[in-house]
Structure formats: C-alpha cells, structure tokens
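First the structure, in the form of structure tokens, and then the observations on it.
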Amino acid sequence: MLFNVSKVFATLAAIAVVTASPAKHDKTTACSFVLHPEGPFDSSELLGEFNYAIGRTLAMTVPGQIVIGGNSTWVDNGDNSFDVQKTVGVIGQASSTTAATVTGWAGTALVGTTTNWFVDSVSCV
C-alpha cells in the first residue's frame, strides 16, 4: 500500500511541475506610468512604493490569481511627478487583458506604503 501511495505522490508532483512551467505562462506587459504623490513620501523607498502600489492594485483586480512582474524603474520629473516603468502580468491571463486593466487606472489613485499615487497617465505594450 505504501508503494502505491508513493507512486500517486510522485505523479502528482510531476503534474504540478508541468503545470507551473514557465512555458505555460502568458507574457507580461510593459507599462509606463506618470504618477504623482498625494502626500509626503520617503524618497529612499520609491522602489518599494511603486512596486507595492502597482502590484497591489493589480492583485486587487484579479482576486485569487497570481500576479507577476519586475521591479519598477523611474525618473523624477522635478515637478512632483515620476515617470515609472514596470512590467506586470497575471498567470493564465493574456498580456492584452492585463494591459487593458492597467490602462484603466488613469485618473485613479493607487495605494502606496506611505502615500497614495495618482495616475496622471498610463500606457502598456
């Protein structure tokens, strides 16, 4: 009996590995944002601010799904706004669907760790 249980676990483990293989995941979309803070923030923590605000907002729009993405990069525009680039995706969702979701955030505020970030504009490719 133990031998059969071992075979079952080995088979299930193999199925899990195949299901989780990167070849099964849809591609991400590269998005460019113009964001400005709605309150004070710690400029030494912008990486965390932008990663959290964008990642959390995407996760909240696709409950139960796995959100993926790279780290944010940004340029301070010197006028209290930031050009932010971030690649994002949702496992099992077409990149075009993710892009449509994210571009819908224009004119809204994303919750950050220390302040909210107003989305002046956003585009994804």
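The values are calculated or read from the model by the stated rules, or taken from the named source; none is laboratory data. Being a predicted model, the structure only gives us computed values, none of them experimental. Here Cβ is always computed from backbone atoms with ideal geometry, including for glycine, and neighbour counts include all displayed protein chains.
Among the numbered conditions (1) over 20 Å from SER72 (Cα atoms); (2) at pLDDT 95 or above, the only one that VAL34 does not meet is (1). Taken together, the residues in the range 74-116 that are in contact with a strand residue (DSSP E or B) (Cβ under 9 Å, 6 or more places away or on another chain) and either among the β-branched types (Val, Ile, Thr) or within 17 Å of GLY39 (Cβ to Cβ) (or both) amount to 24. Only a single item in (1) of a type in the set (S, T, N, Q); (2) within 16 Å of GLN93 (Cα to Cα); (3) modelled with pLDDT under 95; (4) surrounded by 10 or more Cβ atoms within 10 Å (Cβ to Cβ) is not met by THR11, and it is number (2).
Taking the range 108-117, which residues are in contact with a Ser or Thr (Cβ under 9 Å, 6 or more places away or on another chain) and either farther than 15 Å from GLY55 by Cα or part of a loop (DSSP other than H, G, I, E, B) (or both)? Once the filter is applied, which keeps residues that are in contact with a Ser or Thr (Cβ under 9 Å, 6 or more places away or on another chain) and either farther than 15 Å from GLY55 by Cα or part of a loop (DSSP other than H, G, I, E, B) (or both), the range 108-117 yields only THR108. Just so you know, in the range 98-116 the residues that are hydrophobic (A, V, I, L, M, F, W, C) and out of contact with any Asp or Glu (no Cβ under 7 Å at 6 or more places or on another chain) include one that is surrounded by the most Cβ atoms within 10 Å (Cβ to Cβ), and it is LEU110. Do you know which residues across the range 86-97 are under 21 Å from GLY64 (Cα atoms) and either loosely packed, with under 13 Cβ neighbours inside 10 Å or in contact (Cβ under 8 Å) with a residue 24 or more places away in the chain (or both)? Correct list: THR87, VAL88, GLY89, VAL90, ILE91, GLY92, GLN93, ALA94, SER95, SER96.
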